[in-house]
Each structure stands twice: as structure tokens, then as C-alpha cells.
Amino acid sequence: MASTPTMSRLIGRDAELAALRGALAQAAEGLPALAFVVGESGVGKTRLLDALDEAAREDGARVLTGECIDLGEGELPYAPLIGALRPLVRAGDPALLELPAEARRELAALLPGLADADGGARQSDSDRARAQGRLFEALLAAIDRLARDAPVLLVVEDAHWADRSTRDFLSFLGRNLADEPVLVALSYRPDELHRRHPLRPLLAVLERTPRALRVELGGLQAADIAALAREVTGSEPSPELVDRLVRRSDGNALFVEELLAAGPGPLPPSLSDALMVRVERLPPGAQEVVRTLAVAQPADHALLEALGILDDATLRTALRDAIAGHVLAVDANDRYVFRHVLLREVVYDDLLPGERAELHRATARALEARLPGDGGPGLAAAIAHHFHRSGDQPEALRTAIRAADAATAAHAEADAAQFLERALELWERVVEPKAHVDAGRMDHVDLLLRTARAHRNNDDGRRLTLVKEALREARAADPDDPRVPLLLQQRALAEWGLGRGEASRASLDLARRLLPDDAPATERVRLTISRMKLATLQSRYGETIALAEEVLPQLPDTPDGALLRAETYNNFGLALIMTDRHEEGVAALRESAALARAAGDFVLLSISYVNLADALQLSGLSDEARAVTEEALGAVDDGVPGRAWVPTMAAELAIDRGDYDEAEAHLRSTGRTSGNTRVNVELRRAELALCRGDDDVARDSLEEVEAPLVDSLEPQFVAVAGVLRAELDRRNGHPVCAREAVEAALERLEFCSDDTVRLGRLALTGVAIEADLAQRARDLGDAEAEADAVARAAIMLSRAEAAAAAGRPLERAYAVTARAHRLRATGEDPGDAWLLAAQAWTDLGRPLPAVAAQRHGIEACLAHGRRDDGAQTARLALAAARELGAGWLTAELEALVARARLAVQAPAGAVDGSVAPGDEDPFGLTPREHQVLALVARGATNREIGAELFMAEKTASVHVSRILSKLDVRSRTEAAAVAHRLGLGS
């Protein structure tokens, strides 16, 4: 019986197609967009995109289609982009030929047909490692040039299999499309996206952009399934058949088709049976081709001929039969592929292990015969994949390293790391492995070092493990191995990435000592620059300046020298700003950014921007810092390793100015992070949560960074973590724990006298905590504890004032606020101290600490008889706190207003941090007095207390008098304040 033809028209997706066509029409008007077609395998994503393809061509658009390819353990760098552009290269499309020569050279790494006759200049290794940005710009230029002639529809199918390099480019494209008439349509299977799938963070960003369109395909309805059956069979299906199709297919169009294609007999017991029936009904020659293609897909005709499975005439007949049987199809690049992924999976699984291995080996040999003329990362990756699956381990080792070379040349570092990891696994299994790689010039130490370097932007833990293994092996073979200093430098960089500051410092010092006197000058310079970076990260700014001034005259006037100069200026500039040489520092950081941009080193460019913004922010220049960060967000694309520092810096600035929604959006865009980058992100999450009053989120984020910071000596992390932990403990009634958090951070940073900003912030937090403890001790009548807290507050204040000695605005604000807290600790009338503190923070554009100062000012006014002043300030502070969305501070202000019975509108249900009867009570209050005190704390009158507790007003008055006596206070307001501070009342 002949195979039943499948449907030729789109069924049940009219609304989805209309939405996509609408997006394409808007793109044609200069509003580029991203469309995401989402659904399980077989639900109709490809058919919908085919219909969009047809409609787009009818409307005069240019359609570029590429698909991501599943290579199991490996990846095929830029597979969909190569697939989309290769037909244009083969056709000699004039739009590509009109691209600048530099852009064509960059694209030739992926599409060798674009290379100039002389092949262009071969780049050095250091250039290749930093040139991904240039390749992305070239790809964007190609799309832009194509879009000048007609709107462009770029289709990327099966994005769940996208390689790292493709994902990076899609991120870049999403950020850089401005007014080009381009619609990018991506399809993916949501069920493939497990929690740690690398596509998830990219989708989290792209699908939330203003011009994103998500088209989610669910199962077809019963009426659509009936129409589909009618289209496929050419006859009206019976109700019983439709019911069975609905039940068995769950509305999946592929399942419906395959079940129908099995024929009029009983339905097969499983879908795989149904799929195999279609294959088994093909002629023997066609079945042989299908089995071969299950391994070799995608394969052009030349590859199938080279595999020699059939003679040429029989092969052509077999292919026609397989296509007519709706098992195979021809893609846009004239390659034979399975019509559906599930078909290929079923056929592949049906092969015997020996058959699979032999087909993989034959495919690898046939593909390798195309080298070197048809080179590129895709071909090298495919050869490595097939040799690996064939079980030929020596060949798998050799081709894995070659695939890593090709991936590195295409700036796909993460893909290179994956191939090198495979090579390390194979090294142990292959006899005489050196004989199979790099003509015997690479040994295991070299391979370990190279793999470690490939992990430098994605996994410092793995990087450190590899470097340690390489060091052990090198020293065991030769204690004087000249590679040891280089390995120590790599160990230091990995240790820093993991927050092990002192270990990193020791590794670098050892590397410098072991470097031979006759070593090349550039090696010594690189070690000095690494040492300088570490000094900067530990806020040893004086040391940074000295090392920079030492190394700058030694830098060669070469491309590599320019990059080293950029790194040096990057650290030098930050240190200059932080030591009050502001103009020199800004100029140095701007020069670093310019050199990095010119060299195409976007990693260094992002660091230069972040350091400049950070230094400006720490100098109190928030507006300038924000402008730099916005510039960075536009200049550094999502695919750049370490870019997460840019939105995290933007989030920090947004937190400081009180824009919490924007801060959250920036933090959400950071994606998956690791090492110090993750620490930085989690600290900002914790700070944002504390600002909003979400203690649970803050606690979770702080717990995330505890382990990475165990050995860290970076003030940017240690000081901030100490402040945030102390604030969390302080809010939750654990002032002694808060004191310990501050003291521990200060002890770890004793070496760091240069970082006055972070030392000043820690000192301010310390004074505030001691003021809390002094007030608490006074309330309890513990004179010894009070004196101790007052003395500690004085010590912390001296630290804050020392940090402010240089007169910089941020440190001054810390000191002014610390002085007000010191007066709170002693119980003195602060006068206008809190007003001065609030004004200092207002001048810096930081509303939250300004409102916090106002809150303490209100308490001081009430305690010293300035009730009207307190009410006026409370009205302003409460409005500001609510507008900010500062939940905890709003609740504190509302409770204060209620306790003091101020004439300020406050919502019901003010926070009541009370102690239940039976809990520890140092004043000997009875359970009934606890109840009365709780109502006093809410501002209730004696009459209201009586009504609430069913007692006479006079009885309530007696209870209140007893409570005032036991608390040793003179007024209801003071009693309410004591109850709030100590958590009394129920």
C-alpha cells in the first residue's frame, strides 16, 4: 500500500500566522521584532514557519532559514547562521559581495566562500580570542545590507539546540536591531528547556523586550484534527476515528499524521511503531538511505555518494522514494534531512550498535576528505562528533582538538572548552596520545593548560582544577619546567575568580619569583599586570598606582602592547579616582575603553566601563556614573563574557536613587552567573530586597554568597556583605549578631586603609548598631552595657570620621550620619544632627538613607518635646517611603506615627513586633499589662483600651500608670517607644 500523503496546507493556526505576518509587516516599516514560536516536537512549529516563509516571499521579503543541530555531546558553532547564509554565498549574492573587505574576512571564518583571493591576513591567537565582537558586527552588517533591498525574515529553527556562539549572537542581534526591516523568528521546544538549560536566561531577556512576540502552539482542537484527517486522507473521517486520533495524539499534528499514515488497519500500539511503519513500507534501497541518514544528517548528495551505500542511479531512485514517502525532505541548503526529528530518532535507535559505529566512522572519513578547502567550525565539529560516536578513540582525540582550534578561530570559546574536555577524557584511553595530536608537540600539560584557558569566562572552579593538575604533572616531570610561572599565573586568576584573594596573591608572587631572568619581557609584564589587577581588587590603590607607573614605560608599541596598555589604564584609572586624582583617573579609564574597543576586546571594554561608573558612584557623582552605565549597556552586548557586571552596576545605581523596579529589571537581565560575578549579583539582590523590606529574599541571597566569600579579601564584597548581614540582623532583633557581622568585616579589611568609602559605610553601620544597643541597655537599666555600647559607638565614629578626612561627599555623608547615631547612643538631644544627615543624603540623590535619617529625627523630636516638628517630618518621610516602595521603613514609620498618635494619616495594621506573655520580660509586666501596653503602642486612649479589653476607663488608667512605673518612663510616648524597641506587648 502506498504511503498516505501528508497535508499541504496549514490547519488550525490562522491566528498564529496572522500574528507573525503582522510582526513582519511592522518590521517592514522599520520596527524590527523578535518572534518566538514555542511548542513540543511535532505540534506544527515548522509548518507554521513554512507558511510564514511562503507568505513573506509573496510579500517581497527575503527569507533566510537556518536550523540548530543536535550533536549530542558536541556543538556545531553558528550552525543556523551558516545554514541561512550559505545559499547566498554559493549564489554569489551581490549584497554580500558589496560588504567591506574587513567584514567579508570576518565572515569567512564561518563561510569560506567569502574569503578574498589571498585569504586575508591570518590573525594571531590573542586576536582570535577577542574577535567575537568583530564577527558579530560583520554578521549584523550582512543582515543590514540584505535588508536594504527588501525586508528580511531570519528563521532559526530548533533554538533549544543552539550552540553557545549562536546564542551569543542572537543576544547581540536582539540588542542591536534598531530600525532595520528585520523579523527574527525562533522556534524551540519548551519541554527541552530544563532548569539549567543555557537557552533559558537568553529567553528571559529577549522575550521581555518591547518588540517581542511569543506564539505558543498548543494541541489542535477536535475540529482541526478532523480537518487534518480530511486533508491527509482525502475523505471524511468517521467520528470514531477522530475520537481515537484526539485521544492518542493530544492534538499533536505529527502524531495525527503518523497514526493516519499507518493505514486503515488497527492503530499501532505506540508512536514509534507508527513511525517505523512508514519507514518499513519504503523500498529496500530507500530504507538503506534512511538508515544512513539517521547517522549522517544533514547530508548533501555528494556525501551520500562518498559513503558508497548505493550506486549513483540506485541512490537517486532511493532518495526519490524516501522523499515521496514523506520520510525525507530537502532543506534550503540542498541537503537531505528527515521530515521530523522523531522519525530520525526512531530510525537511529533501531540501528544495531555495530551499524551505528560503522556509519559514524564512514561519515567522518567522507567529511574529512573535504578538508581543508571546505573548512570552518561546523565541518570540524561534525567530523569530531562522528569519530567520537564511532568509538575510534585515537581519531576522536585528534579531531576533538582540531574542532577546538576551529571553534577558537570562530571566537566560540565555550564550544572550544567542550571539545577540549572531550580530548582530556580521551587522552587517558588512547595509547601514545601525543602521536595523534599536533605532530607530537602537545603533551598532557599543554592540553590541561589550554582547556583551563578556555574556561576562563565560564567556570573558574574547573579552570583551577585543571591548572592544579597541570602544575602537579609538570613539576613531577621537571621541577624547572619553564611553563610553571605561566601555570601559576593561571592558577592565580582562577583563585581570584573564586574569591580566594590571598591565595591568588601568593600564586602571583611565586610566579614572579620563579620566572627565569632570561624570560621574554612580555611575560614579566603580564605577571606585573596580573599583580596590579589583584591590588586593585583588594583596594590597595597605592600599590596599584606604583605597579602601573612601573609597567607603562615597558609596554611595546604593538597590538598586544595596546591591549596590555588598556588593562593597565583600566586599573590605574580606578586607583587614581579613588585617591582623589579625579581628572587623571577618568582620562585613564576612557583611554582604556578606547583601546579595548579598537582591539575588539569587549570583555575589557565592559570592565573599563564598570570601573569608571563604580569610581564615579563611589565619588558621589551618581549622574555621571549613570551616564557611563547607560553608554556601556548600549556598547557591550549580551554575548560578551562577564557582561553581567554592566547591568549589575546599573542596578546598584538604580537602588541608590530609589528606582527599585529598574534595579530588578537589570538584575533579571544578568542571566546565569558564577564565581565573583554571581557574588556581585546576589549582593545587589540582597540590597534591593532589604530596601523593599523582603527579608527572606535578602537572607537567601546572603546565604548564597557565604561560601564564595569565606577566603575573599575584596572590600567590594566583604564590606557590602558585612553591612547587609548586619542590617538584616538588626531589623530582626539580633543587634549583637549585627555587631559581630560588622566587626568581622572590619577585621578582614584591616589591611585596606585606601578604600575609605567602604570602610566608612561599615563604620556608619557599626555606630548605628551600637546606638541600638545603648538605647536597649538604657531601657533595661543596664548601665554597664550602656557604657560599653557608647564607648564602642565612639570608636566606630572615629573610623567614620577618619574615612571622611579627605572631604569626599560620600564619606562625609557616612560621617555626618554616624555623628547623629552617636548622639542617639548617648541619649543627648541631637539638635539638627538628623536634619544635616538627611540633607547630606538628599544632596547625593539617595532618598532611602535620607528617609531613614528623618525617621530617627522624628524619634528625637518626640523624645525631646518637639512634637510639631516630629509630625511635620513624619508626614514627609512617610510619603517618601511609600513612594519608594521601601516596605520595612514604611512599616517602621507607620508604627512610630501610631505609637506617638501623630496627626499623620497612617494605614491600619501598623507593624507590631510584640512579645507574647510568657516570653522573657525584664520589667515584670503581667499578661494583662502586656495587652494594655500593646494598645498604648498603637496610640490608643484609656477609653479605647477599656472598650477593647472590657474594662473601665479608670482601670485602664491604673494599668497604664503601673506600666509607666515599671518601664521607668514619664509618658505614654516613651512607653510606646520602649515597647517597640524591646518587642513588648501582645
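Summary table
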{"item": "Residue check for Val767: among the β-branched types (Val, Ile, Thr), farther than 26 Å from Arg657 by Cβ and not assigned by the TED database to the domain that holds Arg846", "result": "no"}
{"item": "Index of the failed condition, Val327 passing every other in (1) at pLDDT 90 or above; (2) within 17 Å of Glu258 (Cα to Cα); (3) not aromatic (Phe, Trp, Tyr)", "result": "(1)"}
{"item": "Flag for Ala719 being within 22 Å of Gln538 (Cα to Cα), without any contact (Cβ under 8 Å) to a residue 24 or more places away in the chain and surrounded by 23 or more Cβ atoms within 10 Å (Cβ to Cβ)", "result": "no"}
{"item": "Qualifying positions in the stretch 45-69 - of a type in the set (S, T, N, Q) and in a helix (DSSP H, G or I)", "result": "Thr46"}
{"item": "Qualifying helices (runs of 4 or more DSSP H) (wholly inside the stretch 771-859; at least 3 residues being at negative phi and among the acidic types (Asp, Glu))", "result": "783-803"}
{"item": "Single residue of the stretch 528-544 satisfying the filter (over 28 Å from the mean Cα position of the chain (by Cα) and crowded, with 22+ Cβ neighbours inside 10 Å) that is nearest to Arg565 (Cα to Cα)", "result": "Thr544"}
{"item": "Some residue of the stretch 513-520 being among the basic types (Lys, Arg) and surrounded by 16 or more Cβ atoms within 10 Å (Cβ to Cβ)", "result": "no"}
{"item": "Tally, over the stretch 753-773, of residues that are at pLDDT 95 or above, within 13 Å of Ser798 (Cα to Cα) and aliphatic (A, V, I, L, M)", "result": "4"}
{"item": "Some residue of the stretch 401-413 being touching a residue at least 40 places away in the same chain (Cβ under 8 Å), outside any loop (DSSP other than H, G, I, E, B) and closer than 24 Å to Arg500 by Cβ", "result": "yes"}
{"item": "Among (1) hydrophobic (A, V, I, L, M, F, W, C); (2) at pLDDT below 95; (3) closer than 29 Å to Leu709 by Cβ - the single one Ala818 does not satisfy", "result": "(2)"}
{"item": "Residues of the stretch 667-717 satisfying the condition of being over 19 Å from Arg643 (Cβ atoms), polar (S, T, N, Q) and touching a Gly at 6+ places or on another chain (Cβ under 8 Å)", "result": "Ser712"}
{"item": "Matching residues, the stretch 28-59, being out of contact with any helix residue (DSSP H, G or I) (no Cβ under 9 Å at 6 or more places or on another chain) and of a type in the set (Gly, Ala, Ser)", "result": "Ala28, Gly30"}
{"item": "Matching residues, the stretch 335-359, being over 38 Å from the mean Cα position of the chain (by Cα) and either at pLDDT below 85 or charged (D, E, K, R) (or both)", "result": "Asp350, Glu355, Arg356, Glu358"}
{"item": "Test result for Pro641, at negative phi, in contact with an Asp or Glu (Cβ under 7 Å, 6 or more places away or on another chain) and in contact (Cβ under 8 Å) with a residue 60 or more places away in the chain", "result": "no"}
{"item": "Identity of the residue in the stretch 777-787, over 13 Å from Thr826 (Cβ atoms) and in contact (Cβ under 8 Å) with a residue 12 or more places away in the chain, that ends up surrounded by the fewest Cβ atoms within 10 Å (Cβ to Cβ)", "result": "Gly781"}
{"item": "Residue in the stretch 734-752 that is at pLDDT 95 or above, of a type in the set (D, E, K, R) and closer than 22 Å to His856 by Cα present", "result": "yes"}
{"item": "Lone unmet requirement of (1) within 30 Å of Gln221 (Cβ to Cβ); (2) buried (at least 18 other Cβ atoms within 10 Å of the Cβ); (3) modelled with pLDDT of 85 or more for Val290", "result": "(1)"}
{"item": "Helices (runs of 4 or more DSSP H) lying entirely in the stretch 471-555 (those with 1 or more residues that are basic (Lys, Arg) and either closer than 30 Å to Ala707 by Cα or modelled with pLDDT of 90 or more (or both))", "result": "484-497, 501-514, 521-537"}
{"item": "Single residue of Gly642, Gly620 found to be closer than 25 Å to Asp754 by Cβ, under 11 Å from the mean Cα position of the chain (by Cα) and not polar (S, T, N, Q)", "result": "Gly642"}
{"item": "Filter result for the condition that a residue is at positive phi and not assigned by the TED database to the domain that holds Val63, over Asp311, Asp321, Asp334, Asp300", "result": "Asp334"}
{"item": "Residue ID - nearest to Gly639 (Cα to Cα), chosen from residues in the stretch 182-198 that are surrounded by fewer than 23 Cβ atoms within 10 Å (Cβ to Cβ) and in contact with a helix residue (DSSP H, G or I) (Cβ under 6 Å, 6 or more places away or on another chain)", "result": "Leu193"}
{"item": "Filter result for Leu153 (crowded, with 23+ Cβ neighbours inside 10 Å and not in a helix (DSSP H, G or I))", "result": "yes"}
{"item": "Any hit, the stretch 166-173, residues being in a loop (DSSP other than H, G, I, E, B) and either at pLDDT below 90 or not charged (D, E, K, R) (or both)", "result": "no"}
{"item": "Some residue of the stretch 683-704 being touching an Asp or Glu at 6+ places or on another chain (Cβ under 7 Å) and among the β-branched types (Val, Ile, Thr)", "result": "no"}
{"item": "Selected residue (only one of Glu948, Glu894, Glu974 is charged (D, E, K, R), modelled with pLDDT under 85 and surrounded by 16 or more Cβ atoms within 10 Å (Cβ to Cβ))", "result": "Glu974"}
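Let's see how each residue does on (1) assigned to a loop (DSSP other than H, G, I, E, B); (2) modelled with pLDDT under 85:
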| residue | (1), (2) |
| --- | --- |
| Leu202 | no, no |
| Val215 | no, no |
| Gly219 | yes, no |
| Asp224 | no, no |
| Glu231 | no, no |
| Arg247 | no, yes |
| Phe255 | no, yes |
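For (1) surrounded by 19 or more Cβ atoms within 10 Å (Cβ to Cβ); (2) within 40 Å of the chain's Cα centre (by Cα); (3) β-branched (Val, Ile, Thr); (4) modelled with pLDDT of 95 or more, each residue gets a yes or a no:
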position: Gln775; (1), (2), (3), (4): yes, no, no, no
position: Val790; (1), (2), (3), (4): yes, no, yes, yes
position: Gly807; (1), (2), (3), (4): no, yes, no, no
position: Glu811; (1), (2), (3), (4): yes, yes, no, no
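The values are calculated or read from the model by the stated rules, or taken from the named source; none is laboratory data. A quick note: this is a predicted structure, and the numbers were derived from the prediction, not measured. As a convention, Cβ positions derive from the backbone with ideal geometry for all residues, glycine included, and neighbour counts pool all protein chains shown.
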